[in-house]
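Beneath this line is the structure, given in structure tokens, with notes to follow.
The values are calculated or read from the model by the stated rules, or taken from the named source; none is laboratory data. From a predicted model like this one, the values you see are computed outputs, not experimental measurements. Neighbour counts are summed over all protein chains in view; Cβ atoms, including those assigned to glycine, are modelled from backbone coordinates with ideal geometry.
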Amino acid sequence: MGCDGLGGHGMGRPVDEEVIGMDRKLAVVVGASMSAAAFGVLFKAMGAPPNVEALMAFIMPAAMVLGPFYGFTNALLTRAVYDAYQGWAGWWTVLTSLSYGLVGLAAGYVMKYKRAWNRLELAGLAAVLTLFYDAITMLAFGVPFGIPLAALVAGQVPFTINHVVGNVLLCFAFAPLLLKALSGYVGVKVESRQPVVAAVPFQEQ
């Protein structure tokens with residue numbers, strides 16, 4: 001007996017790869033955001049210095065694999081869940097979550113123009129994205145209250161130094177591993193490139 005009742009295709013028809021990719025991206029958005037937020041809380045509980053967070057090491061590689069839309073969603077959700085886990089949730093969570101969402105959006109677009117990354121380049125990207133995030137939040141939390149820009153920058157610098165150093169070190173250590181794992185799961189091809197110095201990401205030494 002034939003099996004042409006399912007849209008004219010037999011039971012052995014190939015599964016739609018695009019649908020699988022979307023399902024896996026949604027799984028990454030949910031799983032990565034919850035895991036990143038939980039690890040971030042644990043990292044803080046272990047005595048991380050002020051403004052040193054573990055979120056960027058998850059958000060950046062996830063967005064690079066997921067693309068702009070899912071990257072934005074994952075980053076926004078990660079920060080919102082992180083604040084909820086910490087008991088910090090409030091009106092400010094909307095601003096910090098949207099700011100991280102823009103970081104995820106930017107990281108997703110970066111991957112469209114450059115697909116080969118080494119460990120040092122990922123650390124450099126983390127520094128740029130951290131400065132981007134801190135600039136957005138500085139303006140969002142300061143300008144509406146009439147705080148002069150010079151005062152905002154002066155107050156932000158010490159926190160940004162900690163933030164950049166922490167994110168660079170964490171992304172240098174962990175982003176290549178997560179990028180490799182997530183790209184393998186989602187099915188996105190990511191090329192590794194030999195750096196001038198430092199180990200080649202995405203392969204064991």
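In table form, for the structure just shown:
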| item | result |
| --- | --- |
| Counted residues, the range 23-52 - those being touching a residue at least 24 places away in the same chain (Cβ under 8 Å), in a loop (DSSP other than H, G, I, E, B) and farther than 23 Å from LEU105 by Cα | 3 |
| Search result, residues across the range 130-179 that are under 16 Å from the mean Cα position of the chain (by Cα) and farther than 23 Å from LEU76 by Cβ | LEU169, PHE172, ALA173, PRO176, LEU177 |
| Among (1) surrounded by 16 or more Cβ atoms within 10 Å (Cβ to Cβ); (2) modelled with pLDDT under 95, the one test that GLY184 misses | (1) |
| Where a residue in the range 143-171 is within 19 Å of TYR100 (Cα to Cα) and surrounded by fewer than 14 Cβ atoms within 10 Å (Cβ to Cβ) and its partner, wherever it lies, is aliphatic (A, V, I, L, M) and modelled with pLDDT of 90 or more, with Cβ under 9 Å and at least six apart | VAL143/LEU149; VAL143/LEU152 |
| Candidate set from the range 96-112 (those that are of a type outside the set (Gly, Ala, Ser) and crowded, with 16+ Cβ neighbours inside 10 Å); member that is farthest from ILE136 (Cα to Cα) | MET111 |
| Condition check for MET60: aliphatic (A, V, I, L, M) and either surrounded by fewer than 24 Cβ atoms within 10 Å (Cβ to Cβ) or closer than 12 Å to GLY166 by Cα (or both) | no |
| Residue in the range 53-65 that is over 24 Å from TYR185 (Cα atoms) and part of a loop (DSSP other than H, G, I, E, B) present | yes |
| Residue within the range 90-106 that is under 14 Å from CYS171 (Cα atoms), modelled with pLDDT of 95 or more and either among the small types (Gly, Ala, Ser) or not in a helix (DSSP H, G or I) (or both) present | no |
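Residue-wise test of (1) modelled with pLDDT under 95; (2) under 30 Å from PRO176 (Cα atoms).
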position: ALA126; (1), (2): no, yes
position: PHE132; (1), (2): no, yes
position: ALA135; (1), (2): no, yes
position: LEU149; (1), (2): yes, no
position: PRO158; (1), (2): yes, yes
